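A.B. asks: Would you mind keeping the following structure in view while I ask a few things?
The values are calculated or read from the model by the stated rules, or taken from the named source; none is laboratory data. Just so we're clear, the structure is a prediction, and the values are computed from it rather than from any experiment. Here the Cβ is made from the backbone with ideal geometry for all residues, glycine too, and neighbour counts use every protein chain on show.
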Amino acid sequence: MHGLLYAACLAYPGDFRKNYRTQIVNDFELRRRTEGTGAAFLLRLLADIITTGLSMRAENLARDVGNALRRLRKTKLMAVVIVITFALGIGANVGVFSVLDAILLAPLPYPNADRVLNFALSDVHSTSGFLAMSLPDVIDLQQRSVALRNVAGFMEDGKTLTGFGKPRSLNVSDVTYAFFDVLGTRSQAGRFFSSGDARSQNPDAIVISDRLWRSTFAGNPNVVGRRVLLDGTSYQIIGVAPPGFESPAPELGSFFNADVWTLFPQNSPLSRRGARDLSAIGSIKAGFTPQSARADMQRVLDQLRRRYPRYYRDWVWSIRPLRDALVGAISPAALWAAYAAAAGVFLIMCANIAGLLLTQSNARTHELSLRLALGASRKRIASQLLTESGVLAVLGGAVGLAIAFAALRVFAGLAAAQIPRLGSIRIDLPIVAYAIAIVGLATVVAGSAPAWILAFSAPLRAIKAAGRSGSRAAGKGFQSVLVVAELALALALVTSSGLAIRSFYGLTHADLGIRTSGLLVTDIYAIPARRFPTIDAKRALLHRLDSALTAIAGPRVALGSNYPTSNASIQMSLRISGQPSNGNAIAALASVSPAYFDTLGISLERGRIFAAGDTSSAAPVAIVNGAFSRLLRARSNPLGTRIQIAVPNQPGPPVWRTIVGQVSDDRDGPTAVAQPTVYLPLDQAVTPWITAIVAAPDSAAMRSKIEGAFASLDPAAEPPPVESIAQRLGEEASGARLSAALLTVLAAIALCLAIAGIFAVVSYSVSQRFQEFGIRMAVGSSAVAVVRNVLGGIAVLIAAGVAIGLVLAAAAGRAIVDQLYQVKPVDPLVLLSVTVLLVASALVAALLPALRAARIDPAAALRYE
Amino acid sequence: MPADFRDVLPLSPRVFYVLLALADGEHHGYAIAKAVETQTGGAVRLTPGTLYPIIRQMLSDGWIAEIDHDDDPRRRCYRLTPRGRRVAQAEASRLADMVRMARNCNFLPAGAI
């Protein structure tokens, strides 16, 4: 029972508790013995103790805050410096956290999101991670897996809606029937697809988006059951997706704003086992973990490998949570790295502020000793000092939040295209709670050591010595530790940002084997099938387009089914004459016009490039790249070898073609490897879509001329957007740019804080030794000797900071190694330049106060006080 | 009412009861609580949890003083200081004024109190 009382007494402030706890317990004991009071009284006593204890604490806090505010008004400059420091550290931390929260921690717009995996089969020979799945892959996985409840495949598409005023081109998502079930989304009207819909020979059921429902059908609930024309084919609306629902687009790391969802046709040429063009997601059954689901999927793949060796032998699973697939250009690891950097900035901030608070020790010794003499306990004084730090942290936190959210708005504006959901950052409850926790943590970490040191070092005898310079200041050793820690952390952070910048430079300056400037490229243009239904009509259109573009931009104009970085590459399996058809041969396919190689800067290595004579009626030919030649058994000259490769939407069996040339390799991006590629003459392999590559200086006029050339083909179809190749490559590197930018901002803050910390500590120590320097100079010491004396002291600390910092930097580099591109985690150039930068700025920060010491007038110094 | 006590009045009822309990001499904490309980006919019961914060405040304001009890050093006794007595008197006369006003308004029957 007494234990209970003692525990409850913890509610009281410490000094009261120490003085009165015994009496309270004694009184209770006395009352119990004399009156035999029972449990009711004990309960009342406990309640009284807790409520009065807490209210006494609240009163103390209010009084301390009042005192702190009064005191801060007296030391305005110091207060402002500390508030700014808090603002930078807390702002950086909360800012990065809110990005992390919005992108990684906030719920996805799918009820089932946390139980959904995104996966694909990827070729072991290719480094690019998430390729795709074929329809049979999806169906087999659905049937054979025990851990996945549902599996769905989907791809992006476009169709034209007619019958509602002007024809409208719509974003279409072709999905397998379980798509909405996997995500756990429910329809707001009608229903979603069923397996029955999928079994029909020509599935014509569609689901429309909330946006299309409201814009085109005025939100009419009777829309379910209506038929609409898409690309001239009649479809029946069976349901409406809920507001705000967007298809995931894992291959883009983002979302696809579909207007219509159609069922993927089961019998199309694209439904063959080798045609891996679908994104895939699957929901994990209750009772299974993501790990057990992975194991189960591996089991299915092993089965398929035994059954269809040629399609699965060299293919492995790439599996990740759907959430990780939708973070856009910036990887989860890069976000966590930025958060770690923000934590580093936070620690530097705490060290910096602790150092600043300690510089007050001499100025306050007199005040604190006086309060001790008047009977205040040291603990009480420490808590008063901690309250002062708390008030500063709250002010700094408020300023920091304002800065963080202004910066985030700018950041979101710059990066919204590359990072989905960045626009959704707002100050909500978790962010506020986090900010409050961070302010509390900052108060304790930055303020408690100085409060303790000041309160427990202020001696009663200091009343005599107060203010006398030359007396050893409290916490001097601790200050040195802080300087070393700040420098070490700053070195690690600046090094990480240096590595990120080098990676970004490497990514944007990688040799992709193509011209990376002076080229304009178009997005994919789907040739309108209604106006140009036959291969011949499409071929004629391509000729018209080629002449129109040549008229605009001269001879270096190319058409192709795709180009490096176009995200439109197609993989096809092929047969090579003289080699068994073991399914190993899969190549990227590109149908290109003769000028393609010259325009893109791909050089001829052997044989010839396509010529005007390679028409549909001429002998079928192909050109391959170096990577393809290495695939051939003999690894020899490919010229003359005959191959057979299918072309999308071409009727009839694939023909045997003769390889007539070999060109240099190109890559889709800095992290991709050169794919074995087969080029076919556009005339001999007309694809249902086309892209254009034009060598011309970038200007708005040129772009609109190129768009005009497309618009003249069919006024009803939208021309594809035109971009410079540099823009396209920039998009590829945007993740690296964002993470380099984030790390650089954080490193800059870290560097500034560390330098400011050194400046403050050295200034303080010079002011402490004012008299000493005066005497030294009076007895003949030169100004140079004084400067050397001051710098000598700090140089030891800088050396220690750099030594520890280099170790930390190596660890940090190793931690972000997965995000580095062509840079080693321990990069001598980065380490050397960062060390030089840091040492130089630290010495400058120390030199300024040192010079002041050298200018001391000995006479004035001796009169001081 | 003496002018120098105006800013501390009115006293909280509990503080006033403690002052009243100490009017007739020194007491330790438990005795103070018992006296208050008796004087109010059991209506006001101070637990040690609320009593000692009041005592600490009155000590630091100089209204009461602490005396060591000879037979038990752990048990502290308290007595009224002259200042404490004057505060109690000021509060009593403030209350008397209010009672007079209440009576003038016929809020209290003439015979009561």
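A.B. asks: Starting from region A:127-140, keep only residues that are closer than 21 Å to A:Arg307 by Cβ and aliphatic (A, V, I, L, M), then list their pairs with residues that are assigned to a strand (DSSP E or B) and at pLDDT below 85 whose Cβ atoms are within a distance under 6 Å, requiring at least 6 positions of separation or different chains.
C.D. replies: Sorted first by the residue in region A:127-140, then by its partner, the pairs are A:Leu131/A:Ser122.
A.B. asks: Right, another one. Under the condition of being hydrophobic (A, V, I, L, M, F, W, C) and under 16 Å from A:Gly513 (Cα atoms), which residue from region A:591-608 is nearest to the chain's Cα centre (by Cα)?
C.D. replies: A:Leu600
A.B. asks: Would you confirm, using the coordinates I've provided, whether B:Arg94 is in contact (Cβ under 8 Å) with a residue 24 or more places away in the chain, more than 12 Å from every other protein chain (Cβ to nearest Cβ), surrounded by 12 or more Cβ atoms within 10 Å (Cβ to Cβ) and in a strand (DSSP E or B)?
C.D. replies: For B:Arg94, the condition - in contact (Cβ under 8 Å) with a residue 24 or more places away in the chain, more than 12 Å from every other protein chain (Cβ to nearest Cβ), surrounded by 12 or more Cβ atoms within 10 Å (Cβ to Cβ) and in a strand (DSSP E or B) - is not met.
A.B. asks: Here's something else I'd like to know. Anything in region A:517-547 that is without any contact (Cβ under 8 Å) to a residue 60 or more places away in the chain and part of a strand (DSSP E or B)? List them, or say none.
C.D. replies: Result: no residue meets the conditions.
A.B. asks: Next up: Against the conditions (1) closer than 25 Å to A:Phe28 by Cβ; (2) without any contact (Cβ under 8 Å) to a residue 40 or more places away in the chain; (3) not hydrophobic (A, V, I, L, M, F, W, C), where does B:Thr81 fall short? Just the number, please.
C.D. replies: (1)
A.B. asks: Given the structure, is A:Arg57 out of contact with any strand residue (DSSP E or B) (no Cβ under 6 Å at 6 or more places or on another chain), within 13 Å of chain B (Cβ to nearest Cβ), surrounded by fewer than 17 Cβ atoms within 10 Å (Cβ to Cβ) and closer than 23 Å to B:Ile55 by Cα?
C.D. replies: On the way: out of contact with any strand residue (DSSP E or B) (no Cβ under 6 Å at 6 or more places or on another chain): yes; within 13 Å of chain B (Cβ to nearest Cβ): yes; surrounded by fewer than 17 Cβ atoms within 10 Å (Cβ to Cβ): yes; closer than 23 Å to B:Ile55 by Cα: yes.
Yes; evaluated as a whole, the condition is true for this residue.
A.B. asks: While we're here: Given the conditions (1) hydrophobic (A, V, I, L, M, F, W, C); (2) surrounded by 15 or more Cβ atoms within 10 Å (Cβ to Cβ); (3) part of a strand (DSSP E or B), report the number of the one that A:Val300 does not fulfil.
C.D. replies: Evaluating A:Val300 over (1) hydrophobic (A, V, I, L, M, F, W, C); (2) surrounded by 15 or more Cβ atoms within 10 Å (Cβ to Cβ); (3) part of a strand (DSSP E or B) leaves (3) as the failure.
A.B. asks: Which residue is farthest from the chain's Cα centre (by Cα), if the candidates are limited to region A:13-24 and must be at pLDDT 85 or above and more than 8 Å from every other protein chain (Cβ to nearest Cβ)?
C.D. replies: It comes out as A:Arg21.
A.B. asks: Can you find a residue in region A:646-664 that is touching a helix residue (DSSP H, G or I) at 6+ places or on another chain (Cβ under 8 Å) and under 19 Å from A:Thr565 (Cα atoms)?
C.D. replies: Yes, region A:646-664 contains a residue that is touching a helix residue (DSSP H, G or I) at 6+ places or on another chain (Cβ under 8 Å) and under 19 Å from A:Thr565 (Cα atoms).
A.B. asks: Of the residues that make up region A:77-98, is at least one away from every other protein chain (no Cβ under 14 Å), touching a residue at least 40 places away in the same chain (Cβ under 8 Å), exposed (fewer than 15 other Cβ atoms within 10 Å of the Cβ) and polar (S, T, N, Q)?
C.D. replies: Checked region A:77-98: no residue is away from every other protein chain (no Cβ under 14 Å), touching a residue at least 40 places away in the same chain (Cβ under 8 Å), exposed (fewer than 15 other Cβ atoms within 10 Å of the Cβ) and polar (S, T, N, Q).
A.B. asks: Mind listing just one residue for me: the one in region A:705-734 that is under 22 Å from A:Arg515 (Cα atoms) and among the small types (Gly, Ala, Ser) and, of those, modelled with the highest pLDDT?
C.D. replies: A:Ser724
A.B. asks: So A:Pro638 clears everything in (1) buried (at least 21 other Cβ atoms within 10 Å of the Cβ); (2) touching a Pro at 6+ places or on another chain (Cβ under 6 Å) except one condition, right? Which one?
C.D. replies: (2)
A.B. asks: On to the next question. What's the number of the only condition in (1) in contact with a Leu (Cβ under 9 Å, 6 or more places away or on another chain); (2) more than 9 Å from every other protein chain (Cβ to nearest Cβ); (3) among the hydrophobic types (A, V, I, L, M, F, W, C) that A:Leu10 fails to meet?
C.D. replies: Every condition holds for A:Leu10 apart from (1).
A.B. asks: In the list A:Pro243, A:Pro250, which residue meets the criterion of being at negative phi and touching a Ser or Thr at 6+ places or on another chain (Cβ under 8 Å)? Can you show your working first?
C.D. replies: Working: A:Pro243 fails: touching a Ser or Thr at 6+ places or on another chain (Cβ under 8 Å).
Selected residue: A:Pro250, the only one of A:Pro243, A:Pro250 that is at negative phi and touching a Ser or Thr at 6+ places or on another chain (Cβ under 8 Å).
A.B. asks: Right, something else. Being more than 20 Å from A:Ile570 (Cα to Cα), at pLDDT below 90 and buried (at least 19 other Cβ atoms within 10 Å of the Cβ) is true for just one of A:Leu161, A:Leu148, A:Leu135, A:Leu141. Which residue is that? Walk me through how you get there before you give the answer.
C.D. replies: Values: A:Leu148 fails: at pLDDT below 90; A:Leu135 fails: more than 20 Å from A:Ile570 (Cα to Cα); A:Leu141 fails: at pLDDT below 90.
Criteria check complete, one pass: A:Leu161.
A.B. asks: Specify which of the listed residues (A:Gly390, A:Gly344, A:Gly400) is buried (at least 17 other Cβ atoms within 10 Å of the Cβ), under 13 Å from A:Pro450 (Cα atoms), touching a helix residue (DSSP H, G or I) at 6+ places or on another chain (Cβ under 9 Å) and modelled with pLDDT of 80 or more. Spell out how you get there, then give the answer.
C.D. replies: On the way: A:Gly344 fails: under 13 Å from A:Pro450 (Cα atoms); A:Gly400 fails: under 13 Å from A:Pro450 (Cα atoms).
Testing whether each residue is buried (at least 17 other Cβ atoms within 10 Å of the Cβ), under 13 Å from A:Pro450 (Cα atoms), touching a helix residue (DSSP H, G or I) at 6+ places or on another chain (Cβ under 9 Å) and modelled with pLDDT of 80 or more leaves just A:Gly390.
A.B. asks: To continue, here is another question. Of all residues in region A:60-76, which are of a type in the set (S, T, N, Q) and away from chain B (no Cβ under 14 Å)?
C.D. replies: A:Asn67, A:Thr75
A.B. asks: Now a separate question. Quick one: is A:Ala337 of a type outside the set (Lys, Arg) and buried (at least 17 other Cβ atoms within 10 Å of the Cβ)?
C.D. replies: On the way: of a type outside the set (Lys, Arg): yes; buried (at least 17 other Cβ atoms within 10 Å of the Cβ): yes.
Here the answer is yes, as A:Ala337 does meet what is asked.
A.B. asks: Would you please list the contacts, defined by Cβ atoms under 6 Å and residues six or more apart or on different chains, that run from a residue in region B:15-36 that is farther than 12 Å from B:Ile64 by Cβ to a residue that is of a type in the set (Phe, Trp, Tyr)?
C.D. replies: Sorted first by the residue in region B:15-36, then by its partner, the pairs are B:Val36/B:Tyr17.
A.B. asks: Right, another one. Just one of A:Leu512, A:Leu559, A:Leu541 is closer than 28 Å to A:Met572 by Cα, out of contact with any strand residue (DSSP E or B) (no Cβ under 7 Å at 6 or more places or on another chain) and surrounded by 20 or more Cβ atoms within 10 Å (Cβ to Cβ); which is it?
C.D. replies: Selected residue: A:Leu512, the only one of A:Leu512, A:Leu559, A:Leu541 that is closer than 28 Å to A:Met572 by Cα, out of contact with any strand residue (DSSP E or B) (no Cβ under 7 Å at 6 or more places or on another chain) and surrounded by 20 or more Cβ atoms within 10 Å (Cβ to Cβ).
A.B. asks: Condition first: polar (S, T, N, Q) and out of contact with any Ser or Thr (no Cβ under 9 Å at 6 or more places or on another chain). Now tell me which residues in region A:72-116 satisfy that.
C.D. replies: A:Thr75, A:Thr85, A:Asn93, A:Ser98
A.B. asks: Would it be correct to say that A:Leu45 is more than 14 Å from chain B (Cβ to nearest Cβ) and of a type in the set (A, V, I, L, M, F, W, C)?
C.D. replies: Answer is no for this residue.
A.B. asks: When you scan region A:611-621, do you find a residue that is within 37 Å of the chain's Cα centre (by Cα), among the hydrophobic types (A, V, I, L, M, F, W, C) and buried (at least 16 other Cβ atoms within 10 Å of the Cβ), even just one?
C.D. replies: no
A.B. asks: Same structure, new question: Please note which helices (runs of 4 or more DSSP H) are completely contained in region A:304-380 and include at least 1 residues that are without any contact (Cβ under 8 Å) to a residue 60 or more places away in the chain and more than 15 Å from the chain's Cα centre (by Cα).
C.D. replies: Details: elements: A:309-312, A:322-325, A:332-358, A:361-373.
Fully inside region A:304-380 and qualifying: A:361-373.
A.B. asks: Of the residues A:Ser591, A:Ser603, A:Ser581, A:Ser566, which single one is polar (S, T, N, Q), closer than 16 Å to A:Pro654 by Cα and at pLDDT 75 or above?
C.D. replies: That would be A:Ser591, the only listed residue that is polar (S, T, N, Q), closer than 16 Å to A:Pro654 by Cα and at pLDDT 75 or above.
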